[in-house]
Amino acid sequence: REKHLQTGVVTTGNIPDATPAGFSAHVESRDSYDAILNQQIASNIDLYIGGGQKYFVEKAELLATNNVTYVTSLADVNNVSGRVMAALSNSNITGYLDTRIKLSDITRTTLERLENANGFITMIEGANIDSRSHGRDMDGMLTELIDFDNAIGYVMDYVDTHPDTLLIIS
């Protein structure tokens, strides 16, 4: 923030889930979704993308008070100005159907939205690799892993054309 960087927190999980919360909120329990989302809305982060539409049901006033535009479509992310919260599904962005939103598409949109002369920092999480593994869903986990690999490929291409970019994959 002090360097005037654009900031983003992106996940295929729910926006107020543990990993995004670790970058954007301070609460005692990772299960405190309402408190986490309230802090995320009030934060200075420019862009959130993920799932969790069901958590935004009673947040219209808080979103308006904090000048945050709430959208439910990836196509709308670059069509609005100012801070944006994009909840693209009711829960996790998953299901590995051909029509689902891919992490690589979300990643492309994120980089397009955040790129500017001052630079940006973003955390992008492929949350469903872990959740599919916990559920012993090998086919789902592999599909999510391939989607994550495609997203990394997109970012690596971005880094090739923007050599002053630091990429950390964890």
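For the residues V84, V27, V71, a GNM of the chain with alpha-carbon springs under 10 Å puts the largest fluctuation on V27.
Between the beta carbons of E2 and L142, assuming R0 = 41 Å, the FRET efficiency works out to 0.50 to the nearest 0.05.
For the chain, what is the accessible area per residue in Å², given a 1.4 Å probe and the full set of protein chains? That works out to 55 Å² per residue. When you count the other C-beta atoms within 10 angstrom of each residue and take the mean per peptide, 136-146, 31-41 line up highest first as 31-41, 136-146.
Gain in length, T65 to M156, computed as 0.36 nm per residue apart minus the alpha-carbon separation, to one decimal in nm?
Length difference between fully extended and current span is 29.0 nm.
Under 5 Å between amide hydrogens, built in the peptide plane, is the criterion, and for F120 it picks out Q6 among residues at least 5 positions away or on other chains.
Gain on full extension, evaluated as 0.36 nm per residue between D164 and A35 minus their Cα-Cα distance, stands at 42.8 nm. Could you tell me the distance between the Cα centroids of segment 56-76 and segment 17-50, to the nearest Å? That distance is 14 Å.
The values are calculated or read from the model by the stated rules, or taken from the named source; none is laboratory data. Just so it is clear, the structure is predicted and the values come from calculations on it, not from any experiment. Neighbour counts run over all protein chains shown; Cβ positions are idealised from the backbone, glycine included. Quick note on the areas: whole protein, heavy atoms, side chains included, nothing else; ligands and nucleic acids left out. Shrake-Rupley method; radii C 1.70, N 1.55, O 1.52, S 1.80 Å.
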